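The values are calculated or read from the model by the stated rules, or taken from the named source; none is laboratory data. This one's a predicted model, so the numbers in the text were calculated from it and none came from an experiment. Don't worry about glycine lacking a Cβ; one is built from the backbone with ideal geometry, like all the others, and counts go over all protein chains shown. In case anyone asks, the SASA skips ligands and DNA or RNA and just uses the protein heavy atoms, side chains included. Shrake-Rupley method; radii C 1.70, N 1.55, O 1.52, S 1.80 Å.
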Amino acid sequence: MSFLYPSLLWALFALLIPILVHLFNFRKHKLVYFSNTAVLRNIQQETVRTKKLKQLVLLLLRCLFIAALVLAFAYPYKPADTAKINTDEGVVGVYIDNSMSMKALSDKTTLIEDAREQAKELVNGFPPSTRYLLLTNSFEVQNEYPMSQQEMLDNLDRMRLEGPPVKLCEVIDRFAMLRKMHGFDHASLVVYSDFQQNMFDLGNVAPDTTLLVVAVPMRASSTANLSVDTLWLASPVVQPGMANELHAVVANHGEREVKGLPVNLAMDGKTVASTTVDVEGGGTAELTVQVVPERSGDIPCTLSLMDYPITFDDTYRFVIGVKSRMNVVELNSSRQPSPIALIFDADPQFDYTWMAPNGCDFDALSKAQLIVVNQASEVNATVQQSLLKAAMEGASVAFFHDDGAAIDTNTLAVSDVARQYEFFSDIIIDLPQHADLPHVKRHVRLNLTPDKHALMHLANGDALLTELTVGKGHFYDFATTLDPQWSNFADHAIIVPLMLKMALVGGGVGRLSYTVGETASFQEEITEAGFYEQTTADSVVRVQAWNDSRLESDMRFVDDETIASQFKAAGLEMSGETEAQKSSLWRWLVLLALLAVIAEISVLRFWK
């Protein structure tokens with residue numbers, strides 16, 4: 001039996017208090033006169049004997065109360081069985097899961113603090129010559145070298161208490177790599193984790209008979225948790241002073257229903273709206289809040305709720321990009337009003353200009369955020385160079401192709417929308433299984449290259465819409481046109497959000513938010529949630545909002561039997577019990593202390 005807080009055992013010296021009280025009875029005696037004490041002598045002997053027994057019982061009960069209470073606060077627990085760990089020939093790895101879910105409350109403090117204290121006691125229990133490797137979800141290089149006992153204890157004290165979610169297979173693979181790199185033939189890895197279902201993935205871990213794993217599950221006293229999971233704007237076009245609707249999803253990861261949960265919206269650091277939401281246990285609820293941007297530019301916003309103790313997912317940060325006006329140019333030989341004109345010409349957010357393909361204003365092209373080429377076959381080399389230059393500077397250029405030798409005249413429907421790409425991040429929230437998607441009667445076959453990906457596919461596998469990044473801008477190629485004889489794009493609802501998104505991308509309007517660890521180009525640079533500014537020549541170009549991953553919001557955990565069976569199936573040797581290393585003995589000690597108090601009161605009242 002070990003104690004999580006052994007320093008509290010010094011409080012056992014408080015046992016001297018009832019002992020001193022017993023030895024030095026400071027009660028004043030009352031003098032009573034009797035004319036004849038002979039008849040009281042026998043009674044007095046019996047009374048003194050009974051009184052001494054009563055005082056001894058009270059002393060024992062008081063000592064029992066103090067001892068039980070001190071031991072309960074010292075938090076006794078059953079340590080991991082490390083008898084099989086051989087510290088003579090190998091290295092001892094200690095992995096502490098410092099992800100957000102480990103901030104859940106345990107019976108005494110938080111899981112992460114319990115894990116750190118247990119790891120320190122584990123280290124103190126090994127010989128001083130033992131070498132250690134400390135791993136956390138942050139994979140801090142300064143901790144991943146063979147450390148002495150004192151170095152390990154110091155690094156445990158300095159350990160970061162927050163880290164990104166990491167799958168267990170990544171931890172085991174990294175430890176295997178480190179111990180081989182440092183030349184250890186045998187190793188033991190002690191894992192302190194809550195073993196969350198979303199993160200308990202042994203993947204393709206290679207069986208290793210030279211690696212001994214000791215699993216130490218940390219169990220929370222409560223698994224209730226609420227989170228803001230996602231949000232989106234009803235309209236991607238945001239204008240100063242114009243109302244827009246913000247939709248958000250709040251998830252309840254606990255079993256109990258929550259009613260009247262306050263939710264606050266802040267813009268530029270000021271609370272601008274408040275509402276409440278009811279969420280069933282294990283369910284989600286959608287809420288709508290009206291937002292009215294008061295200025296142009298990137299506006300940092302937060303949607304937050306109050307939920308303790310898991311707080312990392314209570315605030316959703318996002319940035320609303322508000323542009324005063326954006327320039328849209330359409331190159332089209334036909335002077336008839338086109339669907340592109342219908343989308344942009346009447347919108348005060350945009351300045352729409354029509355131009356002939358071979359008689360265009362090159363200065364206007366250089367200032368445009370979106371250039372739509374409605375008949376690509378009529379664009380000469382000079383205009384093509386201007387389009388390339390505009391894209392290099394950040395504009396979006398969309399081509400509707402009616403050229404090409406390979407023309408397919410089969411009527412085909414769109415079969416696939418590549419929602420995994422950032423382009424669709426705030427266009428399509430949910431796509432039904434049998435959604436009404438566009439169909440084409442004629443299309444050209446677009447060539448795909450490694451740096452060009454398809455955003456939409458037709459039923460025969462041909463690409464209908466592709467995206468190519470060029471410099472700071474993008475080229476978008478449609479394999480068809482807006483002519484009804486080619487497709488129904490002109491009459492389909494999807495053309496509006498597609499063209500608006502291209503304009504917004506070209507106008508520098510970024511995503512509402514990003515997720516830490518899930519955007520490849522920023523994975524190493526952005527490690528903490530918050531607002532970040534992109535600057536060029538000391539001026540702010542864009543503000544980005546980053547949130548922690550919601551993978552850990554789901555407070556479901558792997559049970560002990562599954563832990564043991566999965567490790568066994570992966571071919572990893574285990575030592576020690578996989579039961580939670582927290583102990584319920586402290587509860588029995590508290591109960592014993594209460595019983596001691598009740599017994600003392602009973603003795604004082606009824607023992608005459």
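Would you confirm whether any residue within the stretch 260-279 is open to solvent by 10 Å² or more (accessible area, probe 1.4 Å), farther than 19 Å from T315 by Cβ and touching a residue at least 24 places away in the same chain (Cβ under 8 Å)? No, the stretch 260-279 contains no residue that is open to solvent by 10 Å² or more (accessible area, probe 1.4 Å), farther than 19 Å from T315 by Cβ and touching a residue at least 24 places away in the same chain (Cβ under 8 Å). Residue selection: S148 satisfies the criterion of being out of contact with any helix residue (DSSP H, G or I) (no Cβ under 7 Å at 6 or more places or on another chain), within 21 Å of G90 (Cβ to Cβ) and in contact (Cβ under 8 Å) with a residue 12 or more places away in the chain. Residues of the stretch 413-437 that are free of Cβ contacts under 8 Å to residues at least 60 places away in the same chain and either acidic (D, E) or in contact with a Gly (Cβ under 7 Å, 6 or more places away or on another chain) (or both): D416, D430, D436.
For the structure I just gave you, tell me whether L387 is within 35 Å of the chain's Cα centre (by Cα), of a type in the set (A, V, I, L, M) and surrounded by 20 or more Cβ atoms within 10 Å (Cβ to Cβ).
no
A68 satisfies every condition listed in (1) surrounded by fewer than 11 Cβ atoms within 10 Å (Cβ to Cβ); (2) farther than 30 Å from V191 by Cβ; (3) modelled with pLDDT of 75 or more; (4) of a type in the set (G, A, S) except (1). Could you check, for the stretch 189-198, whether at least one of its residues is open to solvent by less than 50 Å² (accessible area, probe 1.4 Å), on the phi > 0 side of the Ramachandran plot and modelled with pLDDT of 85 or more? Yes; the residues of the stretch 189-198 include at least one that is open to solvent by less than 50 Å² (accessible area, probe 1.4 Å), on the phi > 0 side of the Ramachandran plot and modelled with pLDDT of 85 or more. Counting only strands (runs of 3 or more DSSP E) that fall entirely inside the stretch 492-608 and contain at least 1 residues that are open to solvent by less than 20 Å² (accessible area, probe 1.4 Å), modelled with pLDDT under 85 and farther than 21 Å from S296 by Cα, the qualifying elements are 572-574.
Would you please name the residue that is farthest from R160 (Cα to Cα), looking only at residues in the stretch 85-136 that are part of a strand (DSSP E or B) and open to solvent by 10 Å² or more (accessible area, probe 1.4 Å)?
Taking the stretch 85-136 as the starting set, the residues that turn out to be part of a strand (DSSP E or B) are 91-96, 99, 105, 110, 132-136.
Those left that are additionally open to solvent by 10 Å² or more (accessible area, probe 1.4 Å): 105, 110.
On the way: L105: 18, T110: 14 Å.
Among those residues, the one meeting the criterion is L105.
If you check G507, G571 for being of a type outside the set (D, E) and on the phi > 0 side of the Ramachandran plot, only one passes: G571. Does the stretch 239-246 contain at least one residue that is open to solvent by less than 10 Å² (accessible area, probe 1.4 Å), at pLDDT 85 or above and not charged (D, E, K, R)? For the stretch 239-246, residues open to solvent by less than 10 Å² (accessible area, probe 1.4 Å), at pLDDT 85 or above and not charged (D, E, K, R): present. So, of the residues in the stretch 212-230 that are outside any loop (DSSP other than H, G, I, E, B) and either within 24 Å of the chain's Cα centre (by Cα) or modelled with pLDDT under 85 (or both), which turns out to be nearest to G297 (Cα to Cα)? Ranking the candidates gives T230 first. Checking each residue in the stretch 406-447 for being open to solvent by 90 Å² or more (accessible area, probe 1.4 Å) and among the hydroxyl-bearing types (S, T, Y) picks out T409, T411.
What do you reckon, is G471 surrounded by 15 or more Cβ atoms within 10 Å (Cβ to Cβ), at pLDDT below 90 and not hydroxyl-bearing (S, T, Y)? Criteria not met by G471.
If the condition is being part of a loop (DSSP other than H, G, I, E, B) and either closer than 23 Å to D363 by Cβ or at pLDDT 90 or above (or both), then the stretch 304-344 contributes D313, D314, K323, S324, R325, N332, S333, R335, S338. Is it the case, given these coordinates, that R116 is over 25 Å from F567 (Cα atoms) and not small (G, A, S)? When the stated conditions are applied, R116 does not pass them.
For the stretch 353-364, check the following and say yes or no: at least one residue is of a type in the set (V, I, T), open to solvent by 10 Å² or more (accessible area, probe 1.4 Å) and touching an Asp or Glu at 6+ places or on another chain (Cβ under 9 Å).
yes
Taking the stretch 280-305 as the range and being open to solvent by 80 Å² or more (accessible area, probe 1.4 Å) and more than 12 Å from S227 (Cβ to Cβ) as the test, the residues that pass are E280, E286, Q290, E294, R295.
V141 meets each of the listed conditions (1) modelled with pLDDT of 90 or more; (2) surrounded by fewer than 19 Cβ atoms within 10 Å (Cβ to Cβ); (3) within 22 Å of G517 (Cα to Cα) apart from (1).
Among the residues of the stretch 453-474, those identified as in contact with a Phe, Trp or Tyr (Cβ under 8 Å, 6 or more places away or on another chain) and either over 25 Å from G510 (Cβ atoms) or not hydroxyl-bearing (S, T, Y) (or both) are H453, L455, L464, L465, E467, L468. Of all residues in the stretch 231-275 being outside any strand (DSSP E or B) and among the small types (G, A, S), which is farthest from R550 (Cα to Cα)? Top of the filtered list is G241. Given (1) in a helix (DSSP H, G or I); (2) under 24 Å from the mean Cα position of the chain (by Cα), where does Y192 come up short, assuming only one miss? Every listed condition holds for Y192 apart from (1).
Specify the residue that is nearest to G321 (Cα to Cα); the eligible residues are those in the stretch 346-389 that are at pLDDT 90 or above and charged (D, E, K, R). Per the stated criteria, the residue is D351.
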